[in-house]
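The values are calculated or read from the model by the stated rules, or taken from the named source; none is laboratory data. In this text, all values refer to a predicted model and were calculated from it rather than measured experimentally. Cβ sites come from the backbone with ideal geometry, for glycine too, and all protein chains shown count toward neighbours. Just so you know, the surface numbers come from the protein's heavy atoms only, side chains and all, with ligands and any DNA or RNA stripped out. Shrake-Rupley method; radii C 1.70, N 1.55, O 1.52, S 1.80 Å.
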Amino acid sequence: MKRSTTALLALGTVTAAVAGSVLFLGAGGGAGAAGKGADGLPPATATVVRTDLVLARTVDGRIDFAQRRAVKAAVEGTVTVAAAEGRTVRRGEALYELNDKPVTLLYGPVPAFREMKQGHRGSDVLQLERNLRDLGYGAGLYVDTEYAEDTESAVKRWQKHLNRETTGRIGRGDVVFQPGEVKVVSADAALADQVGPDAPVLTIASTRPVVRAVLEQTDGALTARGTKVEVTLPSGKTVPGKVAGTVRPEREDGAEGGGGGGQEGITVEVVLDGGSRAASGEDAEAAASVTFVSEAREGVLAVPVEAVVALRGENGGYGLQVVEGGTSEMIRVETGMTADGRIEVGGAGLRAGMKVGVAKP
């Protein structure tokens, strides 16, 4: 991801352009006064076109998954079943096993911060009851913030199904709450490893594919949320997307650094259009190419940069030497965005299809 190139793209129908230098006319310079041939006409011409100009920056990226985060052990124990890397885990399924007991994934925004038992109240109790209901253990369960007898009964039915001791309580470390299904990115603790409280056991992420790329610090404007991009995946397929924001860069030891940028650049996360299917079957180890669109002009008149004449004198400005038949005329134009060797132009009487002079190659 360290290689980066700057791409200036021109989209649309483009006719042949002849390389050369910007021409200068002195005050009072007339038609064909610069670079003219023996007959007063320019040595070469190009056509004024109506096109889309896109100014973009292209860098390497890699396929990843959004919202990486570590899952840490809540209690001390021995890993008896390690996490399976690459696996998608859904509600009610085990992320791993500790001391021969499954640590189960449930859905909800509130982390599991305590043991839950009869008499407790809180938002964590509410989301537990919602999970019990959605897992099919909601018969006779009133879903609210109170851990009452009906909650205890539902938990016992669930524990019996899991072949656990039917205590009717949710112990510390029994469950992990996450917003939805997750993908196991890496197993940070292997089988038989001893883990203590707050020791990372596995790293998980959203199942939504993203592409991460590093931009230079000077490209900060491209990191804005919603910036449009085009991603060329390792297979060669091009997928549109947009910037979701910046993320903390990963260090070589696998940990994350602080902040959204560092000395070497800014790490951005790009969401692909098409959701989880967009990167299906792609090689996550291979580089992708990410093109950030920094500026775009649609349907403008454009000519090769070499066709623009810098007018000297009292009024200055820029002009084009318009060629028609066996004659030519210098007209004043306004210039705009430049991309891929072409420049946006506008002026009275200027239209697509006109021939303009360019310097001899």
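Tabulated results
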item	result
Local electrostatic count, SER153, Cβ distance below 14 Å [Lys/Arg +1, Asp/Glu -1]	+1
Tail fraction, Cα-Cα pairs, region 116-171, threshold 12 Å, whole percent	58 percent
Pair THR238, ASP60: separation of 7 Å Cα→Cβ label points (nm)	2.2 nm
√(5λ) per eigenvalue of the Cα gyration tensor, region 177-217, largest first, Å	26, 15, 10
Residue-wise HN-Hα coupling along region 178-192, computed from phi with Karplus coefficients 6.51, -1.76, 1.60 (Hz; x: Gly, Pro)	9, x, x, 4, 10, 10, 7, 7, 7, 9, 8, 10, 8, 3, 6
Heavy atoms of LEU272: accessible area, 1.4 Å probe, square angstrom to 10	10 Å²
Mean shadow area of region 112-235, taken as a quarter of the surface of its Cα convex hull (nm²)	12.8 nm²
Sparse-neighbour loop sites [GluC sites (Glu not before Pro); region 290-361; at most 16 other C-beta within 10 Å; DSSP]	GLU314
Under the Karplus curve 6.51 cos²θ - 1.76 cosθ + 1.60, θ = phi - 60°, whole-Hz ³J(HN,Hα) for region 131-146, x wherever Gly or Pro sits	5, 4, 4, 6, 8, x, 10, x, 4, x, 9, 9, 7, 8, 8, 9
Rough spin-label spacing in nm, given labels placed 7 Å along Cα→Cβ, for THR167 and VAL110	2.0 nm
Solvent-accessible surface (1.4 angstrom probe) belonging to LYS228, in square angstrom, nearest 10	150 Å²
Per-residue ³J(HN,Hα) for region 82-91, Karplus 6.51 cos²θ - 1.76 cosθ + 1.60, θ = phi - 60°, Hz, x for Gly and Pro	6, 5, 9, 4, x, 7, 8, 10, 10, 3
Portion, in percent, of the accessible area of region 99-194 that falls on carbon or sulfur, probe 1.4 Å	46 percent
Label-point separation, ALA192 to ARG248 (7 Å along Cα→Cβ), nm	3.3 nm
Residues in region 106-125 that a label on ALA148 would reach, taking backbone N under 18 Å of a point 7 Å out along Cα→Cβ	117-125
Cβ-defined net charge surrounding GLN118, 12 Å radius [Lys, Arg +1; Asp, Glu -1]	-1
Base-10 log of normalised Debye intensity for region 279-361 (one unit scatterer per alpha-carbon) at q = 0.21, 0.24 Å⁻¹	-1.03, -1.24
Solvent-accessible surface (1.4 angstrom probe) belonging to ARG297, in square angstrom, nearest 10	100 Å²
Sum of side-chain charges, ALA66 neighbourhood, beta-carbon under 11 Å (Lys, Arg +1; Asp, Glu -1)	+3
Theoretical gain in end-to-end length, SER294 to THR327 [0.36 nm per residue, Cα-Cα removed]	7.9 nm
Estimated FRET transfer efficiency (GLU264, THR335; beta-carbon r; R0 41 Å; 0.05)	0.70
Set LYS183/LYS242; LYS160/LYS183; LYS101/LYS183; LYS72/LYS117; LYS72/LYS156; LYS72/LYS228 screened for pairs whose C-alpha atoms are more than 32 Å apart	LYS72/LYS228
